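Take a look at the structure below.
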Amino acid sequence: MTPPPSASSRRSWLFAIFLLAATFTAYYPAWHGDFLWDDDNSVPHGFSQSRYYNLSGLGDIWFHRGFHQAHQYYPLTYTMCWAEYHLWGLNTTGFHLTNILLHALNAILLWLVLRKLNVPGAWLAGAVFALHPVNVESAAWIAERKNTLSCFFFLGSLLAGLRFWIPELFQPSPACPASPASKWRYYWLCFALFVCALLSKTDTVPLPAVVLLVVWWKRGKIIWADISPLLLFFATAIATGLMTRYQEHNLGAHGKDFVISWVDRFLIAGRDFWFYLGKLFWPYPLMTIYPRWKIAPSPSLAWLSLLAFVPLAIVLWFARRSWGRPVFVAMAYFGGLLFLTLGFFNIYYFTYSFVADHFQYLASMGPLALACAAIAVGYRRLGKLQLIVAPLTAAFLLALLGFLTWGQCRAYANTEALWRTTITRNPGAYMAYANLGNALLTDGKADEAIAQFQKSLALHPDPQIYHNLGTALLKMGKPEEACADFKKSLEIQPDFAEGYSDIGAYYLEAGSPNMAVGYFQKAMNMQTNDPFYPYNLGNVYSQKGQPDVAIRYWEDAVTVAPDFAPAQNALGNAFSTKGQATKAVEHWRNALAAQPGLVSAQVNLAWVLATCAQDPLRNGTNALELAEQANKLTGGDDPIVLKTLAAARAENGDFSNAITTAQQALQIAGRRDDLPFVNALTRQIELYQHHQPYRETVTAPLYDH
């Protein structure tokens with residue numbers, strides 16, 4: 001007996017709530033996970049990208065070519081992350097919970113789509129998709145927001161498309177009768193959601209082919225009236241696909257790692273297909289970086305994985321009028337959604353491995369739906385026994401998957417856990433050792449980081465890893481060894497700009513600016529869009545006593561990247577030294593807009609605002625605010641910061657606290673035997689005692705710690 005609509009509706013809501021609760025419970029270990037590997041692409045948290053969080057940064061996400069030289073063109077994904085930053089800053093919990101919510105909603109949408117297609121066990125397929133551990137990489141990793149968000153729009157577009165192409169699946173209600181106009185509204189809704197999916201991640205380009213596949217499945221044929229409305233979809237998909245291919249090339253998907261014959265590409269595709277299918281039915285072991293296969297035309301196993309498609313396709317085609325049709329549709333969907341990642345097109349990630357769990361996030365829904373439909377059909381054949389067997393086996397399956405997902409989430413708790421887990425499961429993953437070394441170096445464990453970098457280089461000599469090893473050696477106080485590693489990076493890749501910059505920095509630190517110039521110049525010539533290189537050249541000429549040349553290079557740096565705080569700060573210092581207070585203030589303000597916590601800019605700007613002889617520039621309130629921020633950031637024991645704070649307090653008429661602060665600075669400076677500084681503070685105290693604002697020219701010594 002068919003339950004009344006109200007009962008059916010209540011069951012639907014209860015099941016949706018169950019899916020949400022089960023998903024959030026299984027993913028609990030990932031709720032408070034840290035930023036990982038390439039999360040900085042989605043949520044920049046380095047000072048050089050702080051402009052990303054302004055309104056101008058939102059414009060960059062959509063329209064600025066420079067932003068997308070280091071990112072794929074996924075503006076909707078980055079816009080969502082931009083909006084979330086304004087809700088909870090860099091608190092990772094908010095980002096993780098949003099991603100898990102999207103994953104749960106995708107499971108609900110999958111259930112709704114399958115239910116409309118009358119697929120048996122649609123509810124089980126939605127639950128299995130929600131709790132399957134192979135999806136942890138997409139749902140527990142902030143950088144994979146592009147997967148969960150694009151899937152949400154993909155399924156929404158497909159649901160709207162079913163109303164347009166197969167309206168007989170939807171019974172019109174008296175309140176909403178079917179009409180040609182309403183039908184076309186669903187068409188445009190389908191297209192709009194498809195565009196949103198593409199702007200989130202272009203792996204969704206097969207959607208128009210999926211629509212035709214579903215139409216063939218339900219009707220047994222495809223006519224021109226089905227194809228013609230999809231021409232706009234296909235054109236849009238091809239355009240965005242070509243853009244993605246161009247971006248992948250820019251990101252580094254070329255060179256020796258991508259010299260692969262077409263025979264090998266087909267062999268890789270065959271092995272990839274069966275690998276992904278196997279992980280759905282035996283999800284162990286799962287890892288962030290799988291071994292990169294070495295496939296040649298000779299091994300019989302590689303050919304077997306490819307040739308296995310022939311008998312499979314023949315059997316399914318001849319059985320297409322019965323059980324073979326849904327199986328063919330599920331497998332065709334699976335292969336179609338994987339097609340872009342099977343090795344026929346270069347993807348930068350192939351540098352590390354030809355497979356990744358997140359590549360099959362969308363594709364996995366086909367085989368999972370097929371398997372769950374088979375289970376549901378099997379239940380029906382049990383008769384009354386299914387009332388006992390079905391709940392028990394389904395509960396066991398979902399509990400097992402949830403347990404595996406919980407365990408897999410623990411690997412994504414922090415960077416060190418992620419890479420140690422990866423190394424345990426794939427000891428040959430050179431990038432895992434390198435990334436673990438980076439994490440240890442960030443935590444101040446330079447000696448442990450060096451050991452990891454050396455393990456990585458033993459597996460795969462890489463210029464970037466030599467750079468990281470050299471950086472760690474510098475922190476250990478071994479500049480000569482560091483320079484040797486920087487030079488090794490150039491032996492591997494002669495056009496490695498960062499290697500030249502590293503050597504230039506070494507010579508600059510060693511007091512040999514003339515040697516540094518040539519290396520920095522080579523680096524700048526190779527990477528004209530990187531502000532670090534002209535900035536470094538400016539530092540060289542500043543050290544050589546040529547401030548005008550230094551200013552020219554620093555101005556080149558801010559032309560390339562207006563939000564590059566170090567160069568803006570350097571220009572402020574340079575113009576301050578030249579007595580050009582107005583320009584100095586402008587550049588310091590630019591530096592603080594890009595990097596609000598830059599102490600040197602805070603201190604120098606506060607000093608000028610409190611002491612400059614040019615009254616229009618004086619601003620005691622702003623000076624006090626900046627000086628207090630700097631004092632808090634430096635721990636309250638830096639005499640120059642305290643001196644600036646004293647001047648700011650005096651400018652605001654708080655002479656009592658100004659004198660106390662100046663005396664505190666005097667005591668700290670005296671302990672450090674800084675006699676010129678002690679004399680300057682003594683004079684400052686005398687002026688404060690007579691209630692005279694401390695007016696010193698803008699050429700006062702700058703804070704450059």
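The values are calculated or read from the model by the stated rules, or taken from the named source; none is laboratory data. None of these values were measured; they are calculated from a predicted model. Cβ placement follows ideal geometry from the backbone for every residue including glycine, while neighbour counts extend to all protein chains displayed. For the accessible areas, the whole protein counts, side chains as well, though only heavy atoms, and no ligand, DNA or RNA atoms are used. Shrake-Rupley method; radii C 1.70, N 1.55, O 1.52, S 1.80 Å.
What to note about this one:
- Options (i) 0.97; (ii) 1.06; (iii) 1.02 - which one matches Rg/Rh (Cα atoms, Kirkwood Rh) as calculated here: (ii)
- Accessible area per residue in Å² at 1.4 Å probe, computed on the range 164-284: 53 Å²
- Subtracting the Cα-Cα distance of Arg380 and Leu633 from their residue separation scaled by 0.36 nm leaves 84.3 nm.
- Principal-axis tilt of helix 5-26 within the chain, Cα atoms, nearest 10 degrees: 50 degrees
- Computed [θ] at 222 nm, deg cm²/dmol, the chain (DSSP H ≥ 4; -39,500 (n - 2.57); rounded to nearest 500): -22000 deg cm²/dmol
- Only the Cβ atoms of Lys and Arg (+1) and of Asp and Glu (-1) were treated as charged; on that basis the dipole of the chain about its Cα centre amounts to roughly 3640 debye.
- Shape category assigned to the range 486-632 from the gyration tensor of Cα positions, a/c cut at 1.5: prolate
- For the residues Arg10, Arg325, a 1.4 Å probe over the protein chains yields an accessible-area ranking, largest first, of Arg10, Arg325.
- Accessible surface ranking that places the most exposed of Phe334, Phe153 first, with a 1.4 angstrom probe: Phe153, Phe334
- Exceeding the 31 Å Cα-Cα cut-off - candidates Lys475/Lys544; Lys146/Lys279; Lys116/Lys221; Lys146/Lys522: Lys146/Lys522
- Normalising the Debye intensity of the range 408-539 to I(0), with uniform scatterers on Cα atoms only, and taking log10 at q = 0.19 Å⁻¹ returns -1.02.
- Between His64, Gly620, Leu473, the Cα set farthest toward the positive side of the dipole of the chain (charges on each charged residue's Cβ, about the Cα centre) is that of His64.
- Estimated FRET transfer efficiency when R0 is 25 angstrom, pair Thr25-Leu387 (beta carbons, to 0.05): 0.45
- Structural descriptor for the range 475-591: relative contact order 15 percent, calculated from alpha carbon pairs under 8 angstrom and at least 6 residues apart.
- To the nearest ten degrees, helix 639-651 and the longest principal axis of the Cα atoms of the chain are 80 degrees apart.
- Contact order relative to length of the chain, as percent, for alpha carbon pairs under 8 angstrom and 6 or more apart: 11 percent
- By accessible area with a 1.4 Å probe, ligands and nucleic acids excluded, highest first: order of His249, His587: His249, His587
- Surface analysis of the range 323-387 yields an accessible area of 37 Å² per residue, using protein heavy atoms and a 1.4 Å probe.
- Rotationally averaged projected area of the range 224-284 (alpha carbon convex hull; nm²): 7.3 nm²
- Volume per residue that the Cα convex hull of the range 571-660 spans, once the total is divided by residue count, Å³: 83 Å³
- Positive-pole candidate from Gly94, Ser512, Val113, dipole of the chain, charges at beta carbon: Val113
- In the context of the full set of protein chains, the range 521-589 has a per residue accessible area of 43 Å² (1.4 Å probe).
- Simple point charges give the picture: +1 on the Cβ of Lys and Arg, -1 on the Cβ of Asp and Glu, and for the range 420-478 a dipole about the Cα centre of about 80 debye.
- Vicinal HN-Hα couplings computed from phi for the range 155-162 (Karplus, 6.51 cos²θ - 1.76 cosθ + 1.60; Hz; Gly/Pro x): 5, x, 5, 5, 5, 5, x, 4
- Distant alpha-carbon pairs in the range 520-565 (separation over 11 angstrom), percent: 58 percent
- Fraction of accessible area attributable to carbon and sulfur, the chain (%, probe 1.4 Å): 62 percent
- Cα shape, the range 222-323, gyration tensor, a/c 1.5 rule: oblate
- Only Cα pairs under 8 Å and 6+ residues apart enter the sum, and on that basis the relative contact order of the range 583-642 stands at 27 percent.
- Principal-axis tilt of helix 547-560 within the chain, Cα atoms, nearest 10 degrees: 20 degrees
- Taking every protein chain into account, the 1.4 Å probe leaves Met515 with about 100 Å² of accessible area, to the nearest ten.
- Derived scalar couplings between HN and Hα for the range 473-489 equal 5, 4, 5, 8, x, 10, x, 5, 5, 5, 4, 4, 6, 4, 5, 5, 4 Hz in order, rounded to whole Hz, by the Karplus curve 6.51 cos²θ - 1.76 cosθ + 1.60 (θ = phi - 60°), x for Gly and Pro.
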